[in-house]
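Below you'll find the structure, written out as structure tokens, and then a few comments.
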Amino acid sequence: MMQYLIIIEKTETGYSAYSPDLPGCVSTGESREAIDQNMGEAIAFHIEGMKLDGLDIPQPTTRSAYVEVAA
């Protein structure tokens, strides 16, 4: 089981997300719950397509962190 970081952004109609470790793997959803589920399905579909094409599956390497600044 691998864990891929996803970046979630608020949009005018809901949310969009992508995974930096899987270029081209994106999804949308109307709620946070929907985008989490949709992105999980998108990643599984993306990886399955890579396997069918005989491509190597990239290991998750992207990490996240927050920095605190005076605003």
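None of the figures in this text is laboratory data; all of them are computed from the coordinates on show. Quantities reported herein were computed from a predicted structural model and do not represent experimental measurements. Cβ atoms come from the backbone with ideal geometry, glycine included; neighbour counts cover every protein chain shown.
Residues in segment 17-42 that are out of contact with any strand residue (DSSP E or B) (no Cβ under 8 Å at 6 or more places or on another chain) and not charged (D, E, K, R): how many?
First, the residues of segment 17-42 that are out of contact with any strand residue (DSSP E or B) (no Cβ under 8 Å at 6 or more places or on another chain): 21-24, 33, 40.
Right, trim to not charged (D, E, K, R) and you get 22-24, 40.
Count: 4.
Which pairs do you get when a residue that is without any contact (Cβ under 8 Å) to a residue 24 or more places away in the chain, found in segment 23-46, comes within reach of a residue that is in a helix (DSSP H, G or I) and acidic (Asp, Glu), reach meaning Cβ atoms under 8 angstrom, with the pair 6+ apart or on two chains?
Hits for this filter: Ser27/Glu41; Gly29/Asp36.
Return only the number of the condition from (1) surrounded by fewer than 15 Cβ atoms within 10 Å (Cβ to Cβ); (2) in contact with a His (Cβ under 6 Å, 6 or more places away or on another chain) that Leu22 does not satisfy.
(1)
Output the number of residues of segment 44-61 satisfying the condition of being of a type in the set (A, V, I, L, M, F, W, C), over 16 Å from Ser19 (Cα atoms) and in a loop (DSSP other than H, G, I, E, B).
Going residue by residue through segment 44-61, those that are of a type in the set (A, V, I, L, M, F, W, C) are 44-45, 47, 50, 52, 55, 57.
Now drop any that are not over 16 Å from Ser19 (Cα atoms), which leaves 52, 55.
Among the residues that remain, those that are also in a loop (DSSP other than H, G, I, E, B) are: 55.
Count: 1.
Taking into account only those residues within segment 1-19 that are among the polar types (S, T, N, Q) and over 13 Å from the mean Cα position of the chain (by Cα), which is surrounded by the most Cβ atoms within 10 Å (Cβ to Cβ)? Spell out the reasoning first.
First, pick out the residues of segment 1-19 that are among the polar types (S, T, N, Q): 3, 11, 13, 16, 19.
Checking the rest, the ones that are also over 13 Å from the mean Cα position of the chain (by Cα) come to 11, 13.
Numbers: Thr11: 11, Thr13: 9.
That would be Thr11.
Scanning segment 36-64 for residues that are more than 16 Å from Gln3 (Cβ to Cβ) and among the hydrophobic types (A, V, I, L, M, F, W, C), which turns out surrounded by the most Cβ atoms within 10 Å (Cβ to Cβ)?
Initial filter on segment 36-64 (more than 16 Å from Gln3 (Cβ to Cβ)): 38, 45, 48-56.
Those still in the list that are among the hydrophobic types (A, V, I, L, M, F, W, C) too: 45, 50, 52, 55.
Values: Phe45: 12, Met50: 15, Leu52: 8, Leu55: 10.
Residue satisfying both the conditions and the ranking: Met50.
Is there any pair linking a residue in segment 1-22 that is at positive phi to one that is surrounded by 10 or more Cβ atoms within 10 Å (Cβ to Cβ) and not in a strand (DSSP E or B), with Cβ under 6 Å and at least six apart or on different chains, and which?
Gly14/Glu30
Determine whether Ser64 is among the hydroxyl-bearing types (Ser, Thr, Tyr) and in a strand (DSSP E or B). Steps first, answer last, please.
Working: among the hydroxyl-bearing types (Ser, Thr, Tyr): yes; in a strand (DSSP E or B): no.
Spelling it out, it is not the case that Ser64 is among the hydroxyl-bearing types (Ser, Thr, Tyr) and in a strand (DSSP E or B).
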